[in-house]
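Shown next, in C-alpha cells, is the structure this report addresses.
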Amino acid sequence: METLAHGWLHGDFCWTDWDAAADKARIDFANYIGVHRSMVATVSSLSEAAATVAGSVPAGVVVLAEDEFRSNLLPWWGTGRSSVRVARRREGVSRTQSLIEAIDSDVVLVAVSEVLSNDGERVDLAKVRQACADKNARLFVNLTQSLGVLNTDLAELDADYVAVHGYKWMLCPRGAAWLVVREDRMDEMTPLVPSWKTTGPPVGYFGGPYRQADDMSRCDAAPAWFSWIGARSALKLLASLGRGQVEQHCLRLAAAFAERADVLGFRDASLGAPSHIVSVELGNLDPIAVNYALMQRKIKATVHNGRLRVGFHYFNSPDDVACVTDLLTDLRSQY
C-alpha cells in the first residue's frame, strides 16, 4: 500500500495494472474458498451483495434474525420485492433455532450471518441449510464476521449465495467484497449497477450495445483500485496459513477468555455455538470506566449495550487473553 501511495503521488503507475487487481483478487479469493472464479462477483460492500441478490430472486418472504446486522437486513426491505419476516428471539433460544422456527412454505430465502459481532454466537449453518431445503427455500450467507478465521466448508454447505466484506477478518482494505453464487442460480442474476465492468468481452468504453457477461462478473462493481490491490496482499497472507489451524488457534483463545471471564462473574452473551468473538455482560461495571480502562491499556475491544466484546485472530496470543482478563479483575475489585 505504501508503494501504491508513492505511485499515486508521483504519477509513475499504470492504471491498467491497478484496474486488473480486482479480477486477479477474484481468482485469489476463489482459490482461497475453493470455488470456480466464474461464480464470484467483485463488489464493494456486503449491502451491495445483498441488494444484488434481493433484486434477482423471486419475490416472496425472506427470513432474517431480528438482531441481524443492518447491511444484511435493510437491503431485503429496500427492493420492495420481498416481504421480510423477522425471526424473534425467545429467552434461552439460540439464533439458529429462532431462524429455523420461522421457516415455512411461504419462505423463498433465508438471509443469515454465520457470526454477528454483537454477541459472537455462531449459527449452525448446516441445520439452517437443511431447514431451507425442507421448505424449498434458498439460503444467503454473510461471512463478513467469520471468513478469515472460521474454516466453514462452503462446498459442503452448498448455500445458494455467499457474501463477505473483506475489511474485517480477512484483513483487506474497506471496499473489497465478494458475492459467490451457486452455478444453478447464476443465470437469473442481474447487476445492481450495469456498467462497462458488467459486460462480456471484448472490453469496451464507448457506445453499445450492452452484452451481459456470461459469468458472475456481470454483477461486478467498478473497482476502487486501492482496496483491491490491498486485498491481494491480504489474500496472499491468508492463503499461506492453514485455515483449520487458524480456526483452532482463535477458538482456543476465545474459549480461554470466556472461561476466565465467567470465573470473574462476567456472563457470555452467546446462546449458541461459540466463535472467535466473545461478548460478556458487564453487570454493574460502568461502561464508560471500562472503555477508558481499555484505552489506557491500549486494548482494542468494544464496549456496547452493557457488554464487552473481544475478538481473536491468528496474530493474537495467550498474553492478549491475560491482558484483558487482568483488566476485568482490576475493575471488578473496584466495584
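The values are calculated or read from the model by the stated rules, or taken from the named source; none is laboratory data. For clarity, every value in this text was computed on a predicted model and none was experimentally measured. Reconstructed Cβ throughout: ideal geometry from the backbone, glycine too, with neighbour counts over all protein chains shown. Side chains included, ligands, DNA and RNA excluded: accessible areas come from the protein's heavy atoms. Shrake-Rupley method; radii C 1.70, N 1.55, O 1.52, S 1.80 Å.
Among strands (runs of 3 or more DSSP E) lying entirely in the range 270-316, which contain 1 or more residues that are among the basic types (K, R)?
The qualifying strands (runs of 3 or more DSSP E) are 307-311.
If I go through the range 292-325 residue by residue, how many of them are more than 20 Å from N118 (Cβ to Cβ), surrounded by 13 or more Cβ atoms within 10 Å (Cβ to Cβ) and free of Cβ contacts under 8 Å to residues at least 24 places away in the same chain?
Here the count works out to 1.
Look through D12, D28, D23 and report the one residue that is assigned to a helix (DSSP H, G or I), charged (D, E, K, R) and open to solvent by 50 Å² or more (accessible area, probe 1.4 Å).
After ruling out the rest, the residue left standing is D23.
Among the residues of the range 223-241, write down those that are exposed (fewer than 14 other Cβ atoms within 10 Å of the Cβ) and outside any helix (DSSP H, G or I).
Those that are exposed (fewer than 14 other Cβ atoms within 10 Å of the Cβ) and outside any helix (DSSP H, G or I): S240, L241.
What are the residues in the range 259-277 that are open to solvent by less than 50 Å² (accessible area, probe 1.4 Å), over 12 Å from L328 (Cβ atoms) and either modelled with pLDDT of 95 or more or polar (S, T, N, Q) (or both), if any?
Across the range 259-277, the qualifying residues are S270, S275, H276, I277.
What is the one condition in (1) within 25 Å of P223 (Cβ to Cβ); (2) surrounded by fewer than 20 Cβ atoms within 10 Å (Cβ to Cβ) that E91 does not satisfy?
It fails just one condition, (1).
Going residue by residue through the range 103-125, is there one that turns out to be without any contact (Cβ under 8 Å) to a residue 12 or more places away in the chain and open to solvent by 10 Å² or more (accessible area, probe 1.4 Å)?
No: the range 103-125 contains no residue that is without any contact (Cβ under 8 Å) to a residue 12 or more places away in the chain and open to solvent by 10 Å² or more (accessible area, probe 1.4 Å).
Six or more apart or on different chains, Cβ atoms under 9 Å: show the pairs whose first residue is in the range 159-187 and among the acidic types (D, E) and whose second is part of a strand (DSSP E or B).
That search, which allows pairs on different chains as well, returns D160/L109; D160/R138; D160/L139; D160/F140; D160/V141; D160/V181.
For T144, only one of the following conditions fails: (1) in a loop (DSSP other than H, G, I, E, B); (2) touching a residue at least 40 places away in the same chain (Cβ under 8 Å); (3) farther than 25 Å from V246 by Cβ. What is its number?
(3)
Could you list, in sequence order, all residues of the range 39-66 that are part of a loop (DSSP other than H, G, I, E, B) and either at pLDDT 95 or above or touching a strand residue (DSSP E or B) at 6+ places or on another chain (Cβ under 8 Å) (or both)?
S44, S45, V57, P58, A59, E66
Hey, could you check the range 53-84 for residues that are of a type in the set (S, T, Y), touching a Gly at 6+ places or on another chain (Cβ under 9 Å) and closer than 23 Å to T96 by Cβ and say which is surrounded by the fewest Cβ atoms within 10 Å (Cβ to Cβ)?
Applying the first criterion (of a type in the set (S, T, Y)) to the range 53-84 yields 56, 71, 79, 82-83.
Cutting the leftovers down to touching a Gly at 6+ places or on another chain (Cβ under 9 Å) gives us 79, 82-83.
Right, trim to closer than 23 Å to T96 by Cβ and you get 82-83.
Numbers: S82: 21, S83: 14.
The selected residue is S83.
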